[in-house]
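What follows is a single structure, written as structure tokens, with notes after it.
The values are calculated or read from the model by the stated rules, or taken from the named source; none is laboratory data. Source: prediction; values computed, not measured. So basically every Cβ, Gly included, is an ideal-geometry build from the backbone, and we count neighbours across all protein chains shown. Note: accessible area is taken over every heavy atom of the protein model, side chains too, but ligands, DNA and RNA are not part of it. Shrake-Rupley method; radii C 1.70, N 1.55, O 1.52, S 1.80 Å.
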Amino acid sequence: MHQGFTVWFTGMSGAGKSTVSTLLAQRLCAAGAKVELLDGDIVRTHLSKGLGYSREDRDENIRRIGFVCELLSRNGVIAIAAAISPYREVRRSVRARIPNFVEVYMECPMDVLIERDAKGLYKKALAGEIDHFTGISDPYESPEAAELIIHSSVETPEQSADRVWHTLKSLGLIAYA
């Protein structure tokens with residue numbers, strides 16, 4: 001079995017957070033773990049419905065996700081959060097509340113993010129059509145001490161999920177093969 005812990009994926013829109021976190025969740029579930037994935041897009045339609053994209057609303061969204069992760073982890077569930085979470089301070093406060101918190105920074109160059117963007121959100125933000133867009137008109141503050149940095153422009157999602165898996169093993173959080 002395993003203890004509860006939280007894997008927190010952070011990075012810009014299109015960096016691969018949802019893809020890699022889903023692969024990790026599937027692998028953990030296949031090994032018999034109790035896992036909950038809190039994807040930022042899904043959380044915004046339910047738990048954080050009504051919040052906008054101001055700094056205050058973004059921080060509140062992350063605090064809510066962090067609270068759920070804290071409850072899950074405390075009860076022996078592996079919580080996986082995949083949310084842009086652009087501001088260091090709120091990520092630090094979430095980390096401080098959750099024992100066994102593992103931060104995974106999904107790093108990806110802007111030109112690759114723009115190329116991956118099927119919805120054209122980056123182009124709209126660059127044209128001034130979208131306010132408060134992380135990395136364009138709002139900042140993204142990269143982590144200063146993430147347990148793992150994934151360069152998603154040079155790794156496949158499967159390679160990235162393997163790296164997270166091995167990090168969790170090296171930290172003693174999982175014992176699966």
Problem - 3J(HN,Hα) from dihedral phi, region 156-169, Karplus parametrisation 6.51/-1.76/1.60, rounded to Hz, x for glycine, proline - result: 6, x, 5, 4, 5, 4, 4, 5, 5, 3, 5, 5, 4, 5
Practice task
Once you've got the GNM for the chain with C-alpha springs shorter than 10 Å, pick whichever of Ser73, Ser85, Ser142 has the biggest mean-square fluctuation.
Solution key: Ser142
Fill in the blank from the handout: If one builds a Gaussian network model of the chain from Cα atoms under 10 Å apart, the most fluctuating residue listed among His166, His132, His46 is His46
Completion exercise
Binned at 5 Å starting from 0, the alpha-carbon pair-distance distribution of region 33-133 in whole percents comes out as 2, 11, 19, 21, 20, 13, 8, 4, 1, 0
Fill in the blank from the handout: Of Ser160, Ser152, Ser54, the most mobile residue in a GNM of the chain (C-alpha springs, cutoff 10 Å) is Ser54
Exercise for the section: Within region 92-165, report the trypsin sites (Lys or Arg not before Pro) that DSSP leaves as loop and that have at most 13 other Cβ atoms within 10 Å. Expected result: Lys119
Fill in the blank from the handout: Under 5 Å from the placed amide H of Thr134, counting only residues 5+ away or on other chains, we find none
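Report in % the part of the accessible area of the chain that belongs to carbon and sulfur, leaving out ligands and nucleic acids; probe 1.4 Å. Provide the component values of the computation, followed by the final result.
Values: 4620 of 8680 Å².
Percent of accessible area from carbon and sulfur atoms in the chain: 53.
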Practice task
Have a look at Tyr140, Ala175, Val102 and report the one farthest towards the positive end of the charge dipole of the chain, computed about the Cα centre with Cβ charges (Lys/Arg +1, Asp/Glu -1).
Solution key: Ala175
Handout entry: Cα-only radius of gyration and Dmax that characterise region 93-177, units Å
Key = 16.1, 49
Completion exercise
Under the Karplus relation with 6.51, -1.76 and 1.60 and θ = phi - 60°, whole-Hz ³J(HN,Hα) for region 112-124, x at Gly and Pro, equal 6, 4, 5, 5, 6, 6, 5, 7, x, 5, 4, 4, 5
Practice task
Amide H neighbours of Ser13 under 5 Å, at least 5 residues apart or on other chains, H built in the peptide plane: list them.
Solution key: none
Practice task
Quick one: which residues, 5 or more positions from Ser142 or on another chain, have an amide H under 5 Å from its amide H? H modelled 1.01 Å from N in the peptide plane, none for Pro or chain starts.
Solution key: none
Handout entry: Qualifying GluC sites (Glu not before Pro) in region 1-89, DSSP loop, other Cβ atoms within 10 Å at most 13
Key = none
Handout entry: Rounded to whole Hz, the Karplus (6.51, -1.76, 1.60) HN-Hα couplings of region 21-38, x for glycine and proline
Key = 5, 5, 4, 4, 4, 4, 5, 5, 4, 4, 7, x, 7, 8, 9, 10, 9, 10
Handout entry: Residues of region 47-108: accessible area per residue with a 1.4 Å probe, Å²
Key = 43
Problem - Size of charge dipole - region 59-112 - debye, nearest 20, with Cβ of Lys, Arg +1 and Asp, Glu -1, no other charges - result: 300
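How large is the helix-only mean residue ellipticity at 222 nm for the chain, computed as the sum of -39500 (n - 2.57) over DSSP H runs with n ≥ 4, divided by its residue count, in deg cm²/dmol to the nearest 500?
On the way: 7 runs with 77 residues, N = 177.
The helix contribution divided over the chain gives -13000 deg cm²/dmol.
Note down the Stokes-Einstein diffusion coefficient of region 36-75 in µm²/s, whole number, using a Kirkwood radius over alpha carbon pairs, 20 °C, and 1.002 mPa s. Intermediate values should be presented prior to the final figure.
Working: Rh = 10.4 Å.
The estimated diffusion coefficient comes to 206 µm²/s.
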Problem - Within straight-line cross-link reach of Lys124, lysines at Cα separation under 27 Å, skipping those fewer than 8 residues along the same chain - result: Lys17, Lys49
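Explain nothing, just the number: dipole magnitude of region 20-177 about its Cα centre with +1 on each Lys and Arg Cβ and -1 on each Asp and Glu Cβ, in debye rounded to the nearest 20.
Values: 20 positive and 23 negative charges, 113 e Å.
Computed about the Cα centre, the dipole is about 540 debye.
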